[in-house]
Amino acid sequence: MSILSKGIAVVGSTTIDKIVSQHQRIFKIGGATAYAGITYSRHGIGTQVVSNIAPGDRKIIRRLEQENVVVLDGPTDRTTQFINDIRQHSRRQKILYRARSIQLQQLSAVAKRAGALHLGPLHPDDIEPEALTALNAHNLKIFLDVQGYTRKVAPPQVSAAVSKHLTSALKAAHIIKANGAELNLIVDHYQENLTQIMKSFEIEESVITLGQDGGWVESMRSGKSDFSAQKVATAVDPTGAGDVFFASYLVGRFLNNQNIADACRYAARTAARQVSGKYITFDVLALP
């Protein structure tokens, strides 16, 4: 039986995202919980989301439930809200509100039922630090997107910085994902190269994404494997492409038992569909 056949829980903020582009301003549901969660669910995996969503934003839960994603939410006065400005070649972000941190008891409850956890924090305090430490006591596969631990948040500004909580997150993780900028921050912080960091924290695989330049996977077992991005004729919205790529890669590795190269190719195809607006389509996540 594969790890993911037992189900997965995606942990982190589910957001209200304001997307600002050259031609429009729209509101969508966002976060790894949405993009990775839906990706897992569409592959027939029992998917739960652990996230804190305000009572006035229950429509978010209903949307995810329509994609067969079970939402386990805790009390909070605010739902996390981001502004994603994609009018330039690079995305600029601001954060308007942050939900209550995900608590230890929330993770402990779901850890007893899932086969794996996908940690997708969007800021350093998204998950209670004590919950990260407690994960070591559970016999779970932990997938970590480091994004939230390479950000400093002073609302509304979001800037690049390594969080003090990154070490606890890396200690818990088996597979990690970072983009090129995030990796550079981490390497500078620890003053070690990626291979050394992986050895220090006993990380099995690191997925490094470089956008349209592809990326590579570093494996402690088989070394470095480069992959190419799939070309997209018309880019509609890159939001969520990294989450879709990571979840699709993990589906390839831990549900379909693919090798690294095949899993990367599959993930690249799925991410390209996301960028072109053909995978998790606008109507699925759009908010009025």
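Things to note:
- Relative to its residue count, region 22-76 spans a Cα convex hull of 98 Å³ per residue.
- Among 248, 222, 51, the residue with the largest mean-square fluctuation in a Gaussian network model of the chain, with springs joining Cα atoms closer than 10 Å, is 222.
- Taking all Cα pairs closer than 8 Å and separated by 6 or more residues, the relative contact order of region 3-283 comes to 15 percent.
- A cut-off under 10 angstrom between Cβ atoms defines the neighbours of residue 205, and their net charge, with Lys, Arg +1 and Asp, Glu -1, is +1.
- Pairwise FRET efficiency - residue 228 versus residue 152, Cβ, R0 = 35 Å, nearest 0.05: 0.60
- Region 130-288, relative contact order in percent, only Cα pairs under 8 angstrom and at least six apart counted: 15 percent
- Between the listed residues 149, 132, 191, the Cα displaced farthest toward the positive end of the dipole of region 106-211, a dipole computed from Cβ unit charges relative to the Cα centre, is found at 132.
- This model, with +1 at the C-beta of Lys and Arg and -1 at the C-beta of Asp and Glu, gives region 156-288 a dipole about its Cα centre of some 240 debye.
- Under a Gaussian network description of the chain, with springs only between Cα atoms under 10 Å, the residue in 76, 47, 15 that fluctuates furthest is 76.
- Label-zone membership for region 215-253, site residue 193, 7 angstrom Cα→C-beta point, backbone N under 19 Å: 215-227
- Candidates 206, 216, 50 compared by Cα position along the dipole of region 3-283: farthest toward the positive end lies 50, with charges placed on Cβ.
- Charge context of residue 91, other residues only, Cβ under 12 angstrom, K/R +1, D/E -1: 0
- A dipole drawn for region 146-263 from +1 and -1 charges on Cβ atoms has a positive end, and of 176, 261, 158 the residue lying farthest that way is 158.
- Modelled FRET efficiency - R0 25 Å, residue 159 with residue 236, Cβ distances, 0.05 increments: 0.35
- GNM remark for the chain: springs join alpha carbons under 10 Å apart, and the peak mean-square fluctuation among 221, 100, 151 falls on 221.
- Computed from the C-beta positions of residue 5 and residue 91 and an R0 of 35 Å, the FRET efficiency is 0.50 to the nearest 0.05.
- The local environment of residue 120, defined by Cβ-Cβ distances under 12 Å, has a net charge of -2 under the rule Lys, Arg +1 and Asp, Glu -1.
- Charging the Cβ of each Asp and Glu at -1 and of each Lys and Arg at +1, and nothing else, the dipole of region 64-144 about its Cα centre rounds to 260 debye.
- Taking 0.36 nm per residue of separation and subtracting the current Cα-Cα distance, fully stretching the chain between residue 210 and residue 68 would add 48.1 nm.
- Spatial separation of Cα centroids for region 214-288 and region 8-75, in angstrom: 18 Å
- Computed magnitude of the charge dipole of the chain (debye, nearest 20; Cβ of K, R +1, Cβ of D, E -1): 540 debye
Read-outs: derived from the displayed coordinates by stated rules, not from any lab. Only a predicted model underlies this, so the values are computations on that prediction, with no experimental measurement involved. For neighbour counting, all protein chains shown are included, and Cβ atoms are generated from backbone atoms with ideal geometry for every residue, glycine included.
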